[in-house]
Amino acid sequence: MNNKSEDRGMMKWAAFHSVISEDEINTYINKNTKNIKPEFSEDQIMELESLIVEAYNSNSIVTLTIFGKYKNSFVTGIITKLDSINKLIFVDKKPYKFDDILNIKYE
């Protein structure tokens with residue numbers, strides 16, 4: 001009798017494939033976990049721009065809410081540069097797209 005255990009390869013996973021496919025799992029995950037980006041009016045965009053410029057000119061510490069595909073994130077720091085051509089805002093020298101900024105708070 002051979003005491004060595006043999007790997008059954010893909011056979012051990014066959015039961016999982018018969019229950020639900022990987023495509024169905026991925027579709028479910030993507031549909032139920034994606035974050036929906038809000039659309040701003042022109043007035044809201046202008047207000048956000050003016051708040052960003054105010055915070056930059058006053059050299060204040062800001063907290064930005066950054067849109068994420070699955071989860072929003074928060075960034076706190078000082079706005080070090082504004083790049084209007086590429087629509088980038090640099091917080092502590094790290095760039096963020098203006099279009100991804102959902103909110104700004106500063107003191």
Can you report the number of residues in region 75-94 which are acidic (D, E) and out of contact with any Gly (no Cβ under 8 Å at 6 or more places or on another chain)? 1
With respect to the numbered conditions (1) assigned to a loop (DSSP other than H, G, I, E, B); (2) touching a strand residue (DSSP E or B) at 6+ places or on another chain (Cβ under 6 Å), which one is the sole condition not fulfilled by N86? (2)
Only one of these conditions is not met by K81: (1) in contact with a Phe, Trp or Tyr (Cβ under 7 Å, 6 or more places away or on another chain); (2) surrounded by 13 or more Cβ atoms within 10 Å (Cβ to Cβ). Which number is it? (2)
Please go through region 70-107 and pick out each residue that is within 18 Å of F40 (Cβ to Cβ) and either free of Cβ contacts under 8 Å to residues at least 24 places away in the same chain or not aliphatic (A, V, I, L, M) (or both). N72, S84, K87, L88, Y96, K97, F98, D99, D100, N103, K105
Residue hits (region 59-87; farther than 21 Å from N35 by Cβ and of a type in the set (A, V, I, L, M, F, W, C)) are I61, V62, I78, I79, L82, I85
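Any read-out appearing in this document is the output of simple, stated calculations on the displayed coordinates, not a laboratory observation. All of these numbers come straight from a predicted model, not from anything done at the bench. Heads up, the Cβs are rebuilt from the backbone with ideal geometry, glycines too, and the neighbour counts pull from every protein chain shown.
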